[in-house]
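Have a look at the structure below, then the notes.
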Amino acid sequence: MNIVLIFLISIFSISLFFYGKSKTKTISIKDNIKLNALPKFYGYYLVLWCSIPALVFLLVWSLFEPTIIKSIIIETAANQGAVFNDKNEANLIYEKIKAIHLGTYFGDIDSILKESALAYAKFINLFTNSKVVLIFGIIIASVVYSLKKIRNNNKARDDVEVILKGLLFVSSLIAILTTLGIIFSLLFESIKFFSVINIFDYLFGTNWSPQRAFVRDASSITAAEYEELKDAFGFIPLIAGTSFIAFIAMLVAVPVGLFSGIYMAEYASTKVRRVSKPIIEILAGIPTVVYGFFAALTVGPFFRQVGENLGLTVSSESALAAGLIMGIMIIPYVSSLSDDVINSVPQSLRDGSYAVGATKSETIKQVVIPAALPGIIGSVLLAVSRAIGETMIVVMAAGLAANLTINPLESTTTITTQIVMILVGDQEFDSPKTQSAFALGLTLFIATLVLNYIAQRAVKKYREKYD
Amino acid sequence: MTKEERLKKRHQAEKRFRFYGLTSIFVALLFVVILVQNIFSKGSSAFKKTVITTEIFFDQELLEIQNGASEEDIMEADFYDLMIENLIKAYPAKDRDEEDELLRLFSGDAEIEIKKAFLKDNNLIGKTITLDLTASDDIDQLHKGNYPRDLPEERRRISDFQLVIYDYFVENKKISKNFNNYFFNNGDSRDPELAGIGGALVGSFYSILICLLLAFPVAVLASIYLEEFAPKNKITDFIEININNLAAVPSIVYGLLALQILLATIQLPRSTPLVAGITLALMTLPRIIIPCRASLKAVPPSIREGALAVGASKFQSVFHHVVPLALPGTLSGTIIGLAQALGETAPLILIGMVAFVVDIPSSPVDPSSSLPVQVYLWSESAERGFVEKTSATIMMLLTFLIVMNFVAVYLRQKFEKRWN
């Protein structure tokens, strides 16, 4: 249906283009008007007016139609006498009704379902018909309006450009919409979560075991159940595990990245630089799932083998393996950012240092790095934010159980791992377990946002200093 | 300490420092080599599959169809008995148990393979042909040398008797390696010897296509607005801050966004390339806008002023002159953004692409997998055969990424104008 409508809209638009183009030609010849715009702009003007309102309407309609129909149908089913206790059962009944309508349902059909299916068919029909009628109404209205506008108008180009500029503006607003969408979707579920679990129990709890929170209606939890639940969602072990793995990653990434950055910026000849820089940047281009596979199947078992030979017990999902591989993934972020930062330290500072007899490494250590420090710290912070948001490496190579440990040979878990573990497979919406994933997402989002903000401020301030 | 000694020490410090730098670069490069070598050595064997050359006699008594049967009749006909009768002749087995063990050397698709041979030539009844039948995963791994034979029998998946048959096959040159067409054509399967990345390839293709169709136009229009038309005010600043922050948001957060908005609110179908494409587009958008703006910024103002001077409107100067000049940079930024999207896994897991999908999707609204998700799924499987499959999938993924990056670099170097 929608495709037919889009096809019709484009046919109309194309014919209107030629109509508008030829019409203005005849006008300008007949009335001897000097047009300020090429005839094609009159065509464009009609096309834009004919297509944009109709397409926007179609899009908005299609976005909201399923939700509205669903709520109407569930209500009618309830009025017919269907019984459901929570949202999941209501969804199930809705799916059944839909399947009966499509003829793909093979279970028992009782009178309630049958009636609801008929109602469903009726509503679908009603909605489709009103959609078509409204779209044609909109097209007719906007075409009549725009035809009126191009009469006695010799500045169609300006009008077209105003509309197009609006279009450009709307495209750039999508970034804001995405941010709003993220905040809305995270907050919406998190608020539900925090209405069940006290936010302090979440932030300061030391036990994370969401599997204890079975599916149950979040709105009717008794005090006794809550006592049990509040211990299941403690954030401390997750933030500890995340920071611990990120710390190990930084132990690898910062020295290696920083030294390569320094070498590239200060020592390497252009030839070496041209070859080695892209190769190091390959590390940033490799998908993280590949690192995860490597960490889980090669590095983890290798460490365990080495540990066994040394008489140590090493988990095959050790924090060390995950952290090491994550650190290697992050090397290029540190190295290329610090390379840039060091490159923008003014040459005069180095020359001054050489003039008083310092060697190159002394200059770097005592002049260049202190001067570049804010930028370097910024780049390290960016790398940290990447490390805590990284998902696939830890999902595949780190553990699932939340242990509070500082032994790198044991397994720990992270925020991102838990989000994936909770949401993978079938989820029950409205259970505190599912909602907790969104609360974790919100925490992660805020943490990375703060880190990025500080890092960007640091880099910017540093840039301003030498520009 | 004399002056000379001090100087010597300082020069040694200099050398050490330089050495640390070189070592770091070397460590990073070494890791690239180790990773690539590890993946290639594990994965390259997956492009071949082990086949057992078997004689098949099309016995009229075991089939209900005649020579020259129509395609439909053949598809419906039962080849199971014919398969069993022929396969147990591959080695003289003594009893039922041995026959069962013999049959387990062949893949689960042996019946279909025989059927396919008959489909190709429907006059085979009463004749004998030799067919290369796919071997089971265990034999496949054994023949490729990935499977240790010297373990005690109870820890092996292959019994002693099966090893005897295998050696007999090797001796009589009945076992060989062919090009693994299943790996490229099949969808996912529980049997490693039949599992392929066909479905994942198509799923990834659709996802990236949708991502391109959504992200590219919006990103180009948005960067044109911000770079050429936006007034300097609070709204513009706010948009810019937003774009920079979005580029740094962890990808898994986009998965949560998709789950809540696209799946729960708008009710788009789960596990489909459509949802994956939209999610990846939202994620890629800021990462494309940033290079797009940089390449628009690199076009010198004289170009714009020249156009304006001969009477072009602001729009014409931008769309007729600035945008075409910025296009190579824009395209290469887009391709790099798409390459990142192609390797992205976490958000796709959240929107349900981890579902076990055997069929190859025929449209973007069919459930499907994608290449990186397939890597994740197979890496969780216990069977040995999936290790080489996973590595081979990574090889395919890396090949695509390398090609995309080369195209991006080529576009930029070949077509981008240098202005100074």
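The values are calculated or read from the model by the stated rules, or taken from the named source; none is laboratory data. Note that the structure is a prediction, hence the values are computed from the model and not measured. Note: ideal-geometry Cβ built from the backbone for every residue, glycine included; neighbour counts use all protein chains shown.
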Among residues belonging to the stretch A:96-111 that are loosely packed, with under 12 Cβ neighbours inside 10 Å and under 36 Å from the mean Cα position of the chain (by Cα), point out the one that is farthest from A:Lys131 (Cα to Cα).
A:Thr104
Check B:Asp59 against each of (1) among the charged types (D, E, K, R); (2) loosely packed, with under 14 Cβ neighbours inside 10 Å; (3) in the same structural domain as B:Thr128 (by TED's automatic domain parsing) and name the one condition it does not meet.
(2)
Looking for something assigned by TED's automatic domain parsing to the domain that holds A:Ser336 and in contact with a strand residue (DSSP E or B) (Cβ under 9 Å, 6 or more places away or on another chain) - is there at least one such residue anywhere in the stretch A:405-424?
yes
Take the residues of the stretch B:184-201 that are under 16 Å from the mean Cα position of the chain (by Cα) and of a type in the set (A, V, I, L, M, F, W, C): which is surrounded by the fewest Cβ atoms within 10 Å (Cβ to Cβ)?
B:Phe184
All but one of (1) exposed (fewer than 15 other Cβ atoms within 10 Å of the Cβ); (2) in a helix (DSSP H, G or I); (3) modelled with pLDDT under 85 hold for A:Glu65, so report the exception by its number.
(1)
Determine the pairs where a residue that is in contact (Cβ under 8 Å) with a residue 12 or more places away in the chain and of a type in the set (Asp, Glu), located within the stretch A:44-71, has a partner that is in a helix (DSSP H, G or I) and surrounded by fewer than 17 Cβ atoms within 10 Å (Cβ to Cβ) with Cβ atoms under 8 Å apart, the partner being 6 or more residues away or on another chain.
A:Glu65/A:Phe127
With the requirement that a residue be small (Gly, Ala, Ser) and touching a Ser or Thr at 6+ places or on another chain (Cβ under 9 Å), what does the stretch A:372-408 give you?
A:Ala372, A:Gly375, A:Ser379, A:Ser385, A:Ala387, A:Gly389, A:Ala397, A:Ala398, A:Gly399, A:Ala401, A:Ala402
In the stretch A:180-198, anything among the hydrophobic types (A, V, I, L, M, F, W, C), away from every other protein chain (no Cβ under 11 Å) and assigned to a helix (DSSP H, G or I) is listed as A:Ile191, A:Phe193, A:Phe194, A:Val196
Picking from B:Thr390, B:Thr334, B:Thr330, the residue that is within 10 Å of chain A (Cβ to nearest Cβ) and either within 23 Å of B:Ala247 (Cα to Cα) or not aliphatic (A, V, I, L, M) (or both) would be B:Thr390
Sort out which residues of the stretch A:140-164 are out of contact with any helix residue (DSSP H, G or I) (no Cβ under 6 Å at 6 or more places or on another chain) and either within 7 Å of another protein chain (Cβ to nearest Cβ) or on the phi > 0 side of the Ramachandran plot (or both), and write them in order of number.
A:Asn152, A:Leu164
Within the group B:Ser271, B:Ser295, which residue is of a type in the set (S, T, N, Q), touching a Ser or Thr at 6+ places or on another chain (Cβ under 8 Å), more than 7 Å from chain A (Cβ to nearest Cβ) and closer than 24 Å to A:Asn91 by Cβ?
B:Ser271
The condition of being assigned to a loop (DSSP other than H, G, I, E, B) and not small (Gly, Ala, Ser) holds, among A:Phe127, A:Phe106, only for A:Phe106
Restricting to the stretch B:44-66, count the residues that are outside any loop (DSSP other than H, G, I, E, B), β-branched (Val, Ile, Thr) and touching a helix residue (DSSP H, G or I) at 6+ places or on another chain (Cβ under 7 Å).
4
Only one of A:Phe84, A:Phe123 that is of a type in the set (Phe, Trp, Tyr), surrounded by 14 or more Cβ atoms within 10 Å (Cβ to Cβ) and at pLDDT below 75:
A:Phe84
Considering every residue within the stretch B:360-371, establish whether at least one is of a type outside the set (S, T, N, Q) and in a helix (DSSP H, G or I).
yes
Quick check on the stretch A:310-325. Is at least one of its residues surrounded by fewer than 21 Cβ atoms within 10 Å (Cβ to Cβ), at the interface with another protein chain (Cβ under 9 Å from one of its Cβ atoms) and over 26 Å from B:Val409 (Cβ atoms)?
no
Yes/no for A:Phe302 being within 14 Å of chain B (Cβ to nearest Cβ) and either farther than 25 Å from A:Gly389 by Cα or in contact with a strand residue (DSSP E or B) (Cβ under 9 Å, 6 or more places away or on another chain) (or both):
yes
Name, by its number, the condition in (1) more than 14 Å from chain A (Cβ to nearest Cβ); (2) under 25 Å from the mean Cα position of the chain (by Cα); (3) in a helix (DSSP H, G or I) that does not hold for B:Phe31.
(1)
Within the stretch A:41-63, residues over 12 Å from A:Ile14 (Cα atoms) and within 13 Å of chain B (Cβ to nearest Cβ) come out as A:Phe41, A:Leu59, A:Val60, A:Trp61, A:Ser62, A:Leu63
